[in-house]
Amino acid sequence: MANPSLLILPGDGIGPEVMAEVRKVIGWLGEKRGLNFDVSEDLVGGAAYDVHGVPLADSTMAKAQAVDAVLLGAVGGPKYDKLDFSVKPERGLLRLRKEMDLYSNLRPAQCFDALADFSSLKKDVVAGLDIMIVRELTSGVYFGEPRGIFTEGNERVGINTQRYTESEIARVARSAFELARRRSNRVCSMEKANVMESGILWREVVQEIHDKEYPDVELSHMYADNGAMQLVRWPKQFDVIVTDNLFGDVLSDCAAMLTGSLGMLPSASLGAPMANGRPKALYEPVHGSAPDIAGQGKANPIACILSFAMALRYSFDQGAEADRLEKAVEKVLADGVRTADLMQKDGGTPVTTSQMGDAIVAALEASL
Ligand code: IPM
Ligand code: MG
């Protein structure tokens, strides 16, 4: 049987550095676990713009459609801030999401015991936190029409449209209920049904799907602004949160920071099942390209490595190896190995990006 295929898109800023550490993990799995991947690599974001004049070439898009999974580093940087909106690095990422139809974006916010002190919240509020935000990723105000900047009379007007069809809501709701069944079996759906018709429909459809197909899952509804407040008040009340594209963007940054460092959090964007039964998928760290520290060996590769762990679990049917990799990360953190972003309280000397990768591979080795 052919090896599973993985397309790596390192992108901009710290993307290439953190991806190099994932490559070490991939190498180790091949050598020590007999788990080999057909890895190809291509350009996205500013790196693609520099070569092709667009943030995602059609040939790269075609490759992404053909592989079992895509792993992306990060896109964007000050060099590209002045570019026309249509060719900004972010458009490359949005094109991948839209054309691969990756409607379900899983953003776990998990607090590692060793890092509970790093949160801006009190330790007992975040210790042991393990929640999952499921963000709708291919519709809503990010993509709704009409959109644009128009002229009305003698002034300009900026327009974006929040738009959701029943089927778009239903499919992301199903994905949240399925996930909840494998976790603590609770889903909280967030919208603004008090002010938006799209929110009213969202609430109705989530409830219908629940009643018909997932009556065993505990479902609650919350207005998204209250949800933001509850997330910082007592985040452990949640298990799975399902919400739309824009609320999910904001709430997931909030949830991410509860855990102390953005450098730790992975994400998976999943679509409909392919011929092999696994979902179309793109994995990426939640953090951005961090241009201020790019190229200095300061970046934390853990979010990207944990994104690859999610790929092992959701795309490659290698749950046991995903567990092994996540445990290796926990072990390294428990041993006090810290990149610069994790140094604010501990003091001591930070390790480099590459040393963190090596420590994780050593922990994998020790797990055998
Ligand atoms: C995210 C980011 C993106 C988004 C940007 C980079 C387009 O903030 O993945 O959360 O807004 O979706
Ligand atoms: Mg965001």
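When the trypsin sites (Lys or Arg not before Pro) in segment 1-82 are filtered for DSSP coil states and for at most 13 other beta-carbon atoms within 10 Å of their beta-carbon, the remaining sites are Lys82. In this simple spin-label model, placing a label point 7 Å from the Cα along the Cα-to-Cβ direction at both Val195 and Glu145 gives a separation of 2.8 nm. For segment 322-341 versus segment 237-283, the spacing of their alpha-carbon centroids is 21 Å. Spin-label model, Ala127 to Gln207: label points 7 Å out along the Cα-to-beta-carbon direction sit 3.9 nm apart.
Antiparallel beta bridges, as assigned by DSSP with both residues in segment 120-259, represent about 30 percent of the total such bridges. Membrane-span-like helices of the chain, defined as complete DSSP H segments with a Cα extent of 15 Å or more along the helix axis and a mean Kyte hydropathy of at least -0.5, are identified as 15-33, 166-181, 245-258, 302-314, 319-334, 353-366.
I need the shape label for the chain. Rule: rounded when a/c is under 1.5, else prolate if a/b > b/c, else oblate, with a, b, c from the alpha carbon gyration tensor. Verdict is rounded for the chain. The figure for Val250 is an accessible area of roughly 90 square angstrom, using a 1.4 Å probe on the protein chains alone. Using only side-chain charges placed at the Cβ, +1 for Lys and Arg and -1 for Asp and Glu, the dipole size of the chain relative to its Cα centre rounds to 300 debye. Along the axis of the charge dipole computed for segment 120-259 (Cβ charges of +1 for Lys and Arg, -1 for Asp and Glu, origin at the Cα centre), the listed residues His210, Met257, Ile133 are led at the positive end by Met257. For segment 300-368, trypsin sites (Lys or Arg not before Pro) meeting the loop criterion (DSSP other than H, G, I, E, B) and having at most 14 other Cβ atoms within 10 Å: Lys345. Dipole of segment 296-368, Cα-centred, from +1 at each Lys and Arg C-beta and -1 at each Asp and Glu C-beta, to the nearest 20 debye? Roughly 180 debye for segment 296-368.
Note on segment 163-193 and segment 120-149: Cα centroid distance 13 Å, given to the nearest whole angstrom. Toward the positive end of the charge dipole of the chain, with +1 on the Cβ of Lys and Arg and -1 on the Cβ of Asp and Glu, the farthest Cα among His221, Gly357, Ala309 is that of Gly357. Using only side-chain charges placed at the Cβ, +1 for Lys and Arg and -1 for Asp and Glu, the dipole size of segment 120-259 relative to its Cα centre rounds to 520 debye.
Computed per residue of the chain from DSSP H runs no shorter than four, each worth -39500 (n - 2.57), the mean residue ellipticity at 222 nm is -13000 deg cm²/dmol. Proximity of backbone amide H atoms, modeled 1.01 Å from N, is registered between Asp239 and Cys188 at under 5 Å, excluding neighbours fewer than 5 places apart on the same chain.
Label zone (Arg182, point 7 Å along Cα-to-C-beta; backbone nitrogen cut-off 20 Å) within segment 188-228: 188-189, 210, 213-219. Label zone of Asp81 (point 7 Å out along Cα→Cβ, amide N under 19 Å): in segment 270-298 this covers 288-295.
Along the Cα-to-Cβ line of Leu246, 7 Å from the Cα, sits a label point; which residues in segment 138-152 have backbone N less than 13 Å from it? Counting only backbone N, you get 139-148. Heavy-atom accessible surface of segment 120-259, averaged per residue, reaches 48 Å², computed with a 1.4 Å probe.
The values are calculated or read from the model by the stated rules, or taken from the named source; none is laboratory data. Since this is a predicted model, take the numbers as computed values, not measurements. Note: ideal-geometry Cβ built from the backbone for every residue, glycine included; neighbour counts use all protein chains shown. Keep in mind that these areas ignore ligands, DNA and RNA; they rest on the heavy atoms of the full protein, side chains included. Shrake-Rupley method; radii C 1.70, N 1.55, O 1.52, S 1.80 Å.
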